[in-house]
Amino acid sequence: MARKLIEVALPLKAINEASAREKSIRHGHPSALHLWWARRPLAAARAVLFAQLVDDPSAHPELFPTEEAQHVERERLFRILEDLVVWENTTNEGVLKRARAEIERSWRLTCAEHADDPRAAELYNPDVLPAFHDPFAGGGAIPLEAQRLGLESYASDLNPVAVLINKAMIEIPPRFAHRPPVNPESRQRTTTGAYRGAQGLAEDVRYYGALLKSLAYEKLSSYYPPIRVTPEMVETRPDLRPHQGQDLTVIAYLWARTVKSPDPAYHDVDVPLVASFALSTKAGKEVWVEHVIDENRTGYHFEVRLGPVPEGAKRGTMQRSGGGTCILSQAPMPFTYLRSEGRAGRMGTRLMAIVCEGPRGRIYLNPTDEQEQRARNTNPSWKPEMDLPSNTRDFKTPLYGLTTYGDLFTPRQLLTLTTFSDLLDDVRDTVRKDAVAADFVDDDSGLANAGSGARAGRVPSPV
């Protein structure tokens, strides 16, 4: 077997720099599709695949007889690889074609070397690159880059989330490659052949995603009201002065799970279970929550603080070993107590902070009784009653009385999720009608049946 480039040398500096830079790239990057642990940098995956598939010049002394000739050729391959790992070149057809040409050239040399193999016609066809298989695909970085380099890519994983990520990145886009969008807005200004790759599909995703968002906003906006910055708020938070009189859009509500205090003196108080009260630890932008004990010590409330986070706030009330601590009496709350409270139905929730969208980042606000009551008064029409797995080694929530999938969500979260799910049916019907109007075949083949027509937006219902 011919020695590959990866066995001899790589332009590591360029690869490392491109991989590190990916951490700050969000627009168009697969990491924006879904968070996935241990995601491999695309640049590194692309570089490793290229270097594994391309022969090192020393493998062909008949073509490069001297070390100097080999060095010159290796440097040429390095320049191709250095261009290949740059994020902006992932859609640069000129760069990709040069890389694919080198892979194809090495493959043809490999096929010639094995021309006498009894199965040469099957295994060493110079016109067909070998397929790439990844049985543990995870976030899909490696099979995605294999596909980008011209290989037929197959990915699988035991985790259904990973399977969905890989379908969205690798399986579905090629079915609609080089096809124009079907949404009416794009069709009014496009001409046949104006779209390359998945550009048409991307425009449809943006259009129908915006449609879904607008429909959901109509139904849900009253449950997520904006917060007006009042003069009273500015008095205690001078940093809010630039926003006085403005309505801030809420992007998150931060809740704490609670249980009754084990101390008999505070047995009717729901105390928080929080791993850390730190909301932001970025230097110069630290934000944390303080639990302020009432004067009569019969209760508490939360207030957002700016500035360095105290050690006590970093620790919160929960520890990995030992359980929790009551904020009122410092009484210990071992896991056995927390679990018994949960199974008895005495585990609750308490609004800890509100996160709003600001012109230069997030703005953290104190919780209000109005906001908390609005969330509690939400009544979703449906919740998933399917039992969570009983394997307490991997699924801890049943130990705390949270035994169904529906138990994991607040009522408002359930309302939002079910609203989006219901609206998907309406949007899907709109997509189909628009696809038919755009001359897509209106057959019964959905994505699950390898369809690419008007009904390919129909996905199988979860079992």
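Rule-based calculations on the coordinates, nothing more; no lab input. Note that the structure is predicted; figures quoted are calculated from it, not measured. Because the Cβ atoms are built from the backbone with ideal geometry, glycine has one as well, and the counts that use them run over all protein chains shown.
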Region 88-141 and region 147-208 have their Cα centres apart by a whole-number Å value of 22 Å
Here FRET efficiency (C-beta to C-beta, Asn296 to Ser222, R₀ 25 Å, nearest 0.05) is 0.10
Plugging the Cβ-Cβ distance of Phe136 and Asp443 into 1/(1 + (r/R0)^6) at R0 = 25 Å yields, to the nearest 0.05, a FRET efficiency of 0.15
Row for region 5-175, column shape: gyration tensor on C-alpha, a ≥ b ≥ c, rounded if a/c < 1.5 i.e. under 1.5, prolate if a/b over b/c, else oblate; value oblate
Read-out Rg/Rh (Cα atoms, Kirkwood Rh), candidates (i) 1.05; (ii) 1.25; (iii) 1.07; calculated match is (i)
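May I ask you to derive the relative contact order of region 5-175, considering only C-alpha pairs under 8 Å and at least 6 residues apart, and to give it as an integer percent? Kindly include the intermediate steps, with their values, before the conclusion.
Values: 197 pairs, mean separation 37.9, N = 171.
Answer for region 5-175 is 22 percent.
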For Ala194 and Ala121, extending 7 Å from Cα along the Cα-Cβ vector and measuring point to point gives, in nm, a value of 4.8 nm
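Peptides 267-275, 109-117: what's the order by average Cβ count within 10 Å, highest mean first? Could the numbers behind the result be given before it?
Working: 267-275: 18.6, 109-117: 12.7.
Answer by packing, highest mean first, reads 267-275, 109-117.
Run the dipole for the chain about the Cα centre, Lys and Arg Cβ at +1, Asp and Glu Cβ at -1, nothing else charged, and hand back the magnitude in debye, nearest 20.
In total the dipole reaches around 960 debye.
If R0 is 25 Å, what FRET efficiency do you get for Arg320 and Arg362 from their C-beta distance, rounded to 0.05? Could you put the intermediate results ahead of the total?
Numbers: r = 27 Å, r/R0 = 1.09.
Efficiency for this residue pair is about 0.35.
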Pseudo-spin-label distance Glu68 to Arg175, built 7 Å along Cα→Cβ, given in nm, is 5.7 nm
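Given only helices, namely DSSP H runs of n ≥ 4 each adding -39500 (n - 2.57), what is the per-residue ellipticity at 222 nm of the chain, to the nearest 500 deg cm²/dmol? Don't jump to the answer; show the numbers that get you there.
Values: 15 runs with 165 residues, N = 463.
Rounded to the nearest 500, it is -11000 deg cm²/dmol.
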Phi-derived 3J(HN,Hα) across region 355-368 with the Karplus relation (6.51, -1.76, 1.60, θ = phi - 60°), rounded Hz, x for Gly and Pro, is 10, 10, 7, x, x, 10, x, 7, 10, 9, 10, 5, x, 10
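Cβ under 14 Å from Val128's Cβ, Val128 left aside: what net charge do those residues give with Lys, Arg +1 and Asp, Glu -1?
On the way: positive: Arg100, Arg108, Arg119; negative: Glu104, Glu122, Asp127, Glu152.
In short, -1.
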Taking every other residue with Cβ under 9 Å from the Cβ of Val304 and scoring Lys and Arg +1, Asp and Glu -1, one gets 0
With 0.36 nm assigned to each residue of separation and the Cα-Cα distance removed, Asp394 to Ser329 gains 20.2 nm
Here the relative contact order (percent) of the chain, from C-alpha pairs under 8 Å and at least 6 apart, is 9 percent
Phi-derived 3J(HN,Hα) across region 303-317 with the Karplus relation (6.51, -1.76, 1.60, θ = phi - 60°), rounded Hz, x for Gly and Pro, is 9, 7, 10, 10, x, x, 7, x, 4, x, 5, 5, 6, x, 10
